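Derivation of every value follows stated rules applied to the coordinates shown; laboratory data play no part. Remember, it's a predicted structure, so these values are computed and weren't measured experimentally. FYI the Cβ positions are ideal-geometry reconstructions off the backbone, even for glycines, and counts take in every protein chain you see.
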Amino acid sequence: MTVQSSIINRKSKIKLYWPLIKSTQTGLLLATGIAGYLSAGTRIGLLTLLGMSISLFLAISGSTILNMWYDRDIDAKMKRTHKRSAASGELDHKEVFGVGIAVSILGIGWAISIAPFYGLVVFAGWFFDVVIYTLWLKRRTAWSIVWGGISGAMPILAGRVLAIGHIDLVGVLLALAILFWIPTHTLTFSIKFREDYANAGVPTFPSTYSDTFTRATIAISSMLAALAIGWASVLIGISAGYLRLIAVLTAGLLLLAFATFRVESERVNFGLFKYASLYMLSSMIILAMKAF
Amino acid sequence: MKMSAFDRVLLLITVFLSAYQIVIGIDDLSTAPIIAYTIAFGVLLVAGLLLIILGFDVLESPIVVIVSTIIPLTLSLGLVWEHLTFYRTGYLIFILIGFAAVTLTRSITMQNKLPIITIAIVHGIAGITIFALPIILSMQGAMKPAFALVGIGGALIGIGGLLLSFFKAGKPILSREMILRIFPSLLLLMTICFITGFKFG
């Protein structure tokens, strides 16, 4: 094998693995971790921040790759996901498992080396995602999303823990905000791709309960996420101007949540999903301002 | 009509400018104008975001007329509260009754012209206040000349409001395509006028 073909081979491998880490979702969760760290308003250690970012990125990516490895059979049955390289067979599943474990160990190990308690929270996020959500509950109950949500809430808590050294009320509120934001994401997908989930035999809220119940859950969880962000913002002590901005963005979220509950429209549902993602990203940026 | 990437950029700039105004631009004012301007620029910000996310179809919603009334009402309230101290309470009552009347006449199906008359009166008074008050104050020297830009913004919001109202009433002044084509630019220009006027006026 020539050097050139080896490089091409490596590039195509990266191209196949990149979708397995769900870069947008991982990026957003990483942003929450950074915001959690900066929200403490403590002196910013650039090396610590860099180490935290890399370790979180690796731990989240590792758990996502393992999720893709385990769910390759159901992904193959779904139109939305059947082209994923783990599901389509483009990547050898043993290799995917190996890479998932290696990346996870690297991420969690690095996190523990930075600060053991921070590493423990990062490990908890990985454990909730891989073991509780993916391996145990996803195929058994629609309520598995709660554990997926708890797992998604760990990066922001981890960032806060790294900054202050312990778990405080603000950290819990920020984690709750993410926990309640995640159903907006997952439940909207479960309505939009209901047939896919039915084909794969994955229990979802729309299939287990009803669309009305699912929409109500999305609306209520969005409101609770907004409440948690608002409360945390006040406790963090961000400036009046940024509080006003959060209030305005929250009003928009509540308006859309109300519309989702009242109007049976996929467009409005997806609108709420997109707005909620923008809302969360904006909130994270505002909370991070505390550090500057 | 599909929204172009350029329109989205214009709306995004409108959103950022509105956010700037909410965070920094009104910090030195007293509580009531802060609340009024926060609501006005907040509606502008959320409307911009919803337009980017949902596209121009969001303008078809019956709630648009009610929501678009909030901007001129709260902006004019802020101006009156700051500069016409004597009329504060009276104007606040007008705002509350006016908004309730627009909401009521738009929520109940009516065959007569009451909804249009209501919106014309409420929009008209608020629009004239935003247009005339800053220009008069600048001309009198009570405020710097740049404050007149708020009045220009008021004129632009009036044009936007008229276009939307007649469009919603089924009697468009311009074609739907033309209204939608100029709408993002109009929103941005209006926001720039308001922010520049408040900052340098």
Exercise. Just the number, please: Stokes-Einstein D of region A:112-176 in µm²/s, Kirkwood Rh from C-alpha pairs, 10 °C, 1.306 mPa s.
Key: 132 µm²/s
Self-check item: Sorted by Cβ density within 10 Å, fewest first, the residues A:10, A:267, B:181
Solution: A:10, A:267, B:181
Self-check item: Largest to smallest principal axis extent of the C-alpha atoms in region B:53-150, angstrom
Solution: 47, 33, 19
Practice problem: Rounded to the nearest Å, what's the spacing between the alpha carbon centres of region A:189-210 and region B:135-193? Just the number, please. | Solution: 47 Å
Self-check item: Stokes-Einstein D (µm²/s) once Rh is taken as the Kirkwood radius of chain A over alpha-carbon pairs, at 37 °C in 0.692 mPa s
Solution: 167 µm²/s
Quiz prompt | Added length on full extension, which subtracts the Cα-Cα distance from 0.36 nm per residue, residue B:89 to residue B:182 | solution = 29.8 nm
Quiz item: According to the square roots a ≥ b ≥ c of the eigenvalues of the Cα gyration tensor, what is the shape class of region B:1-114, taking rounded for a/c under 1.5, prolate for a/b larger than b/c otherwise, and oblate for the remainder?
Solution: oblate
Quiz prompt | region B:35-97 shape via C-alpha gyration tensor axes, a/c threshold 1.5 | solution = prolate
Quiz item: Spin-label point model (7 Å from Cα, Cβ direction): what's the residue B:31 to residue A:12 distance in nm?
Solution: 6.9 nm
Exercise. Compute from the Cα atoms of region A:211-292 the Rg and the Dmax, the latter being the longest Cα-Cα distance, and quote both in angstrom.
Key: 13.4, 44
Practice problem: With no solvent and one equal point scatterer per Cα, compute the Debye intensity ratio I(q)/I(0) for chain B at 0.12, 0.15, 0.16, 0.18 Å⁻¹ and report its log10, rounded to two decimals. | Solution: -0.58, -0.92, -1.05, -1.31
Practice problem: Take the Cα coordinates of region A:81-198, assign each an equal point scatterer, and use the Debye formula without solvent to give log10 I(q)/I(0) at q = 0.15 Å⁻¹. | Solution: -0.81
Exercise. Just subtract the alpha-carbon distance of residue A:101 and residue A:79 from 0.36 nm times their residue separation and send over the number in nm, one decimal.
Key: 5.2 nm
Quiz item: Hey, rough spin-label estimate for residue A:124 and residue A:140, points 7 angstrom out along Cα→Cβ, what's it come to in nanometres?
Solution: 2.2 nm
Quiz item: Under unit Cβ charges (Lys, Arg +1; Asp, Glu -1), what dipole magnitude, rounded to 20 debye, does region B:96-189 have relative to its Cα centre?
Solution: 180 debye
Quiz item: What number, rounded to the nearest 500 deg cm²/dmol, is the helix-based mean residue ellipticity at 222 nm of the protein assembly as shown, given -39500 (n - 2.57) per DSSP H run of at least four residues and division by all its residues?
Solution: -26500 deg cm²/dmol
Self-check item: Pairs from A:79/A:138; A:192/A:274; A:274/B:168; B:168/B:199; A:15/A:192; A:11/A:94 whose Cα-Cα separation, in the structure shown, is over 25 Å
Solution: A:274/B:168; B:168/B:199; A:15/A:192
Quiz item: What shape does region A:157-196 take by its C-alpha gyration tensor, where a ≥ b ≥ c are the square roots of the eigenvalues and a/c under 1.5 counts as rounded, a/b above b/c as prolate, and the rest as oblate?
Solution: prolate
Exercise. Jot down the radius of gyration and Dmax of region B:10-65, Cα atoms only, both in angstrom.
Key: 12.7, 38
Self-check item: Percent of C-alpha pairs per 10 Å bin, the protein assembly as shown, short to long
Solution: 4, 17, 24, 23, 16, 11, 4, 1, 0
Practice problem: Could you compute the FRET efficiency for residue B:111 and residue A:235, with r as their C-beta to C-beta distance and R0 at 45 Å, rounded to 0.05? | Solution: 0.25
Exercise. Could you check how many percent of all C-alpha pairs in region B:85-139 are farther apart than 14 Å?
Key: 61 percent
Self-check item: Computed over region A:144-292, Kirkwood Rh from alpha-carbon pairs, angstrom
Solution: 15.9 Å
Quiz item: What is the percent of Cα-Cα separations in region A:17-74 that go past 19 Å?
Solution: 37 percent
Quiz item: Is any helix in chain A, taking whole DSSP H runs, at least 18 angstrom long along its axis by alpha carbon and on average at least -0.5 on the Kyte-Doolittle scale, and which ones?
Solution: A:3-17, A:23-38, A:46-70, A:93-114, A:144-164, A:169-192, A:211-236, A:240-262, A:266-288
